[in-house]
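Structure record follows, encoded as structure tokens.
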Amino acid sequence: MSKESSKGRKEAMPSPSKAGSSRSLHRARITGLNHRGEGVGRVLGGPDEGMAVFVSGTVPGDVVEFSVIERKKNYMRGQLVSLLEEGPGRAAEVCPVAHHCGGCSWQHISYPLQLEWKKRIVVEALSRIAHIEDCEVRDCLPSPDITGYRNKVEVPVAVQRGRVVAGFYKPYTHEVVPSEECQLEHPLARDVISRMLDEVRSRKYTIYDERTGRGLIRHLMARVAPGTGERMAVVVANGYSLPGEAGLASSLMEGLDGLVSVVLNTNTDRTNIILGQKNKVLRGRYHIEDLFGDDELGRLRFRISPLSFYQVNSPQAARLYKIALDAASLDGGLVFDVYSGIGTITLFAAQRAALAIGIEEVGDAVRDARANARLNGIENVRFYEGKAERVLGSLLRRFGRPQAVILDPPRGGAEEEALVAIARSRPPAIVYVSCNPSTLARDLITLRAEGYRPKWVQPVDMFPMTPHVECVVLMSRL
Ligand SMILES: C[S@@+](CC[C@H](N)C(=O)[O-])C[C@H]1O[C@@H](n2cnc3c(N)ncnc32)[C@H](O)[C@@H]1O
């Protein structure tokens with residue numbers, strides 16, 4: 001649909017960004033999407049004709065008018081001002097703050113197109129970074145739920161025009177966009193956040209200001225267990241106690257069904273990291289318990305503490321784990337689960353193995369993992385606390401050649417020492433679960449140099465409405 005005439009123009013953003021913006025407007029045709037979720041295109045007309053440009057909030061096929069927010073020698077970054085032509089695959093945004101909030105930057109893209117581009121982003125990263133062209137990259141597995149899937153919600157708190165608000169950061173800033181509800185959060189999470197916010201307001205707690213380092217309340221976090229309905233409320237504060245904290249905890253417990261844990265998390269560091277390392281239980285338990293899995297994977301119970309990692313999209317995580325475990329082809333041997341969190345993959349793997357070894361650096365997660373083994377009556381597992389790159393080599397030497405190594409590192413990928421140790425233990429299968437195609441591609445270079453090649457890549461959509469994509473990669477020896 002052409003929107004060339006000014007009458008037909010669709011105003012896409014309220015105003016250009018102030019920081020470094022130029023008032024003059026440019027035009028571009030968008031032809032693709034990049035791993036940050038931005039539309040990628042070329043400038044139309046003027047002295048910059050043909051220059052590459054990245055514009056958020058666009059889809060391939062759009063012709064847009066944009067203002068420049070960043071200019072480099074070979075490309076510029078633009079802020080969408082108006083849509084002149086709409087590309088196919090544009091979807092209506094349902095969230096009132098979709099344009100401002102950095103939470104779900106692909107809400108304007110139809111779900112089939114999101115899946116298509118997630119696959120393309122994986123193919124492009126493997127090709128550009130690792131020069132892998134000949135590996136089968138499968139279609140991206142759609143998520144059963146495309147909204148309401150996040151079982152963990154963390155919102156920053158701020159004061160705006162004298163009012164305490166909570167919401168999400170505007171892209172590339174720490175400016176809070178107030179939001180009463182988010183399309184992505186699990187239905188059990190919202191009232192935990194809104195009740196905590198009510199308490200913060202009525203108790204007149206001071207709000208943390210990251211410029212001065214003063215003020216008490218930094219973030220609010222809700223964590224919910226979709227399988228049991230248990231819920232956890234975490235107040236993240238720049239201090240070790242809150243005035244009237246017992247009353248706060250009682251009030252939350254009384255007002256919220258299924259709330260089994262109220263925790264004060266202390267973070268006094270001048271940092272972007274949300275949670276500090278110190279937690280105090282104000283009421284209830286230190287953890288929630290979930291019943292996780294599906295008919296295909298099976299079901300296990302997991303306890304989850306505030307600092308422990310837990311996949312945010314539970315139904316899709318069950319499918320991810322099933323793909324990873326099937327790829328490992330376990331038949332009663334030894335398996336290593338590196339970066340094991342609370343032992344989710346390890347405990348499912350143990351049901352197909354003689355012995356499953358989990359390695360994880362976060363102490364609380366390791367304690368959860370050991371408790372989870374007991375909770376499910378699984379005895380053929382061992383969990384080791386430590387950085388994989390430090391402890392993996394000696395553990396692999398001690399336990400001998402594994403039948404498979406599954407690794408699921410954080411976004412930054414694995415350290416080279418860990419990858420080399422894994423490859424040198426010569427397992428028939430290495431199964432790499434990754435939430436970042438760029439670091440995955442980098443790490444595949446190391447594994448290739450150590451004699452492993454990727455057989456196939458299965459992209460899995462764990463994060464609908466965002467450009468993030470998870471992958472399972474099966475690697476075998478050359
Ligand atoms: C993406 S999570 C995967 C957890 C688990 N596989 C799951 O699905 O729940 C990555 C985990 O690696 C842990 N981790 C990060 N860096 C690590 C390191 N250098 N050594 C060991 N564990 C690490 C994190 O604490 C986190 O639990």
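Determine whether Ser340 is buried (at least 24 other Cβ atoms within 10 Å of the Cβ), under 24 Å from Lys455 (Cα atoms) and in the same structural domain as Glu389 (by TED's automatic domain parsing).
yes
Return yes when Ala449 is within 15 Å of the ligand (Cβ to nearest atom) and either within 27 Å of Ser308 (Cα to Cα) or surrounded by fewer than 18 Cβ atoms within 10 Å (Cβ to Cβ) (or both) and no when it is not.
no
Which condition from (1) aliphatic (A, V, I, L, M); (2) under 23 Å from Cys104 (Cβ atoms); (3) touching a residue at least 60 places away in the same chain (Cβ under 8 Å) is the one that Leu84 breaks?
Among (1) aliphatic (A, V, I, L, M); (2) under 23 Å from Cys104 (Cβ atoms); (3) touching a residue at least 60 places away in the same chain (Cβ under 8 Å), the lone unmet condition for Leu84 is (2).
From the list Leu300, Leu291, which one is touching a helix residue (DSSP H, G or I) at 6+ places or on another chain (Cβ under 7 Å) and either hydrophobic (A, V, I, L, M, F, W, C) or on the phi > 0 side of the Ramachandran plot (or both)?
The unique qualifying residue is Leu300.
So which strands (runs of 3 or more DSSP E) are wholly in the stretch 133-200 and hold at least 1 residues that are modelled with pLDDT of 95 or more?
152-160, 163-169
Can we say Ser179 is assigned by TED's automatic domain parsing to the domain that holds Leu248, more than 19 Å from Gly37 (Cβ to Cβ) and among the small types (Gly, Ala, Ser)?
The answer is no for Ser179.
Any chance the stretch 239-260 includes a residue that's away from the ligand (no atom under 15 Å from the Cβ), within 26 Å of the chain's Cα centre (by Cα) and crowded, with 18+ Cβ neighbours inside 10 Å?
yes
So, restricting to strands (runs of 3 or more DSSP E) that lie completely within the stretch 33-128, which ones have at least 3 residues that are more than 28 Å from the chain's Cα centre (by Cα)?
On the way: elements: 39-44, 52-55, 63-71, 75-85.
Output list reads 39-44, 63-71, 75-85.
Could you please find all residues in the stretch 280-292 being without any contact (Cβ under 8 Å) to a residue 60 or more places away in the chain and not basic (Lys, Arg)?
Val281, Leu282, Gly284, Tyr286
Is at least one residue of the stretch 238-259 assigned to a strand (DSSP E or B) and closer than 22 Å to Gln160 by Cα?
Within the stretch 238-259, not a single residue is assigned to a strand (DSSP E or B) and closer than 22 Å to Gln160 by Cα.
Considering only residues that are touching a Phe, Trp or Tyr at 6+ places or on another chain (Cβ under 6 Å) and modelled with pLDDT under 90, look in the stretch 83-118 and name the one that is surrounded by the fewest Cβ atoms within 10 Å (Cβ to Cβ).
Applying the first criterion (touching a Phe, Trp or Tyr at 6+ places or on another chain (Cβ under 6 Å)) to the stretch 83-118 yields 101-103, 114.
Remaining after also requiring modelled with pLDDT under 90: 101-103.
Details: Cys101: 22, Gly102: 16, Gly103: 24.
So, considering only residues that are touching a Phe, Trp or Tyr at 6+ places or on another chain (Cβ under 6 Å) and modelled with pLDDT under 90, the one surrounded by the fewest Cβ atoms within 10 Å (Cβ to Cβ) is Gly102.
Against the conditions (1) surrounded by fewer than 24 Cβ atoms within 10 Å (Cβ to Cβ); (2) within 14 Å of the ligand (Cβ to nearest atom), where does Arg374 fall short? Just the number, please.
For Arg374, the exception is condition (2).
If you take the residues of the stretch 265-285 that are within 23 Å of the chain's Cα centre (by Cα) and surrounded by 13 or more Cβ atoms within 10 Å (Cβ to Cβ), which of them is farthest from Asp198 (Cα to Cα)?
This residue is Gln277.
Can you name the residue in the stretch 261-279 that is outside any strand (DSSP E or B) and polar (S, T, N, Q) and is also farthest from the ligand (Cβ to nearest atom) among such residues?
Thr268
For the condition of a type outside the set (Val, Ile, Thr), away from the ligand (no atom under 14 Å from the Cβ) and crowded, with 22+ Cβ neighbours inside 10 Å, what is the one hit in Leu355, Leu330, Leu392, Leu334? First the steps, then the outcome.
Working: Leu355 fails: crowded, with 22+ Cβ neighbours inside 10 Å; Leu392 fails: away from the ligand (no atom under 14 Å from the Cβ); Leu334 fails: crowded, with 22+ Cβ neighbours inside 10 Å.
Criteria check complete, one pass: Leu330.
Only one of (1) buried (at least 17 other Cβ atoms within 10 Å of the Cβ); (2) over 27 Å from Phe302 (Cα atoms); (3) in contact (Cβ under 8 Å) with a residue 60 or more places away in the chain is not met by Ala421, so which one is it?
Status for Ala421: all satisfied but (3).
Residues Leu325, Leu320: which one is away from the ligand (no atom under 11 Å from the Cβ) and either under 17 Å from Gly298 (Cα atoms) or surrounded by fewer than 23 Cβ atoms within 10 Å (Cβ to Cβ) (or both)?
Only one candidate passes the filter, namely Leu325.
From Pro428, Pro402, Pro409, grab the single residue that is farther than 18 Å from Gln311 by Cα and surrounded by fewer than 24 Cβ atoms within 10 Å (Cβ to Cβ). Walk me through it before giving the result.
On the way: Pro402 fails: surrounded by fewer than 24 Cβ atoms within 10 Å (Cβ to Cβ); Pro409 fails: farther than 18 Å from Gln311 by Cα.
Being farther than 18 Å from Gln311 by Cα and surrounded by fewer than 24 Cβ atoms within 10 Å (Cβ to Cβ) holds for just one of Pro428, Pro402, Pro409, which is Pro428.
Name every residue in the stretch 398-412 that is away from the ligand (no atom under 13 Å from the Cβ) and either of a type in the set (Val, Ile, Thr) or in contact (Cβ under 8 Å) with a residue 24 or more places away in the chain (or both), in order of residue number.
Phe399, Gly400, Arg401, Pro402, Gln403, Ala404
The values are calculated or read from the model by the stated rules, or taken from the named source; none is laboratory data. Since we're looking at a predicted model, the values are computed, not measured. Note that we place each Cβ from the backbone using ideal geometry, even for glycine, and neighbour counts take in every protein chain shown.
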